[in-house]
Amino acid sequence: MLKATKESKGPDDGRRGDIVRAAARLFRDKGYDGASMRAIANAVGMQCGSPFYHFASKQDILVAVVEEGLRQGLEKTRAVISPSLIAREQFLALVKVHLSIILEEGNDFIPVMLYNWRCLDDMHQRRLIATKDEYDAIWQDAINALAKDGLIQSEPKFARLMILGSMNFMVTWYKQRPGDSLETLADKVVQFCLCS
């Protein structure tokens, strides 16, 4: 896992934030079904039932984890959007920030969403889709610009799904090697994805 370039902000202060961060780590490592409420409570030094003072259920904790991931991801992604960048540069900036969101140490929220989305009930999925759609729209605009410049050959929506899907799967196999950095990794992804 890549070292974080700067410390990530937590979901909020206090015990509720501690629970969300601990649950994110456990859900990432063990999956939603494999992480018990007892394990979450132990990870923050609480009695087994104490998290229920802050959350009605384990499902509510998962929702808080996913919401925090979407909030952080969207905030970081919006921050790298610039009309002054050419299509390739904008794509590189998006790739770099996406890799930081999923691979940097301590960034457990989006990987939890990626691999535990189906554990959310329908009501919560529908509520979170709007934020997810905004993230996808930013990426689609960038991919459309690449297509306009002739830098990708595939249909743009298909290209977006394949590119994001490929990067998201890195959560399962990527191990940092000596000399790897976020910049070098982003450059490799861009080189792999683009025609020229």
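Things worth noting here:
- Of all residues making up region 36-49, the number that are under 28 Å from the mean Cα position of the chain (by Cα) and either aromatic (Phe, Trp, Tyr) or over 13 Å from Ala24 (Cα atoms) (or both): 4
- Restricting Ala93, Ala137, Ala87 to those that are without any contact (Cβ under 8 Å) to a residue 40 or more places away in the chain and touching a Leu at 6+ places or on another chain (Cβ under 8 Å) reduces the list to Ala93.
- Among the residues of region 1-60, those that are at pLDDT below 85 and hydroxyl-bearing (Ser, Thr, Tyr) comprise Thr5, Ser8, Ser50, Tyr53.
- Criterion: part of a helix (DSSP H, G or I) and buried (at least 16 other Cβ atoms within 10 Å of the Cβ) - qualifying residue of Leu128, Leu151: Leu128
- Residue in region 73-91 that is surrounded by the most Cβ atoms within 10 Å (Cβ to Cβ), counting only those that are part of a helix (DSSP H, G or I) and either aromatic (Phe, Trp, Tyr) or in contact with a helix residue (DSSP H, G or I) (Cβ under 6 Å, 6 or more places away or on another chain) (or both): Phe91
- Any hit, region 64-71, residues being more than 17 Å from Ile19 (Cβ to Cβ) and either in a helix (DSSP H, G or I) or touching a Leu at 6+ places or on another chain (Cβ under 9 Å) (or both): yes
- Residues located in region 154-180, provided they are among the small types (Gly, Ala, Ser), modelled with pLDDT of 90 or more and assigned to a loop (DSSP other than H, G, I, E, B): Ser154
The values are calculated or read from the model by the stated rules, or taken from the named source; none is laboratory data. Because the structure is a prediction, the values reported are computed rather than measured. Positions of Cβ are backbone-derived with ideal geometry, glycine not excepted, and every protein chain shown enters the neighbour counts.
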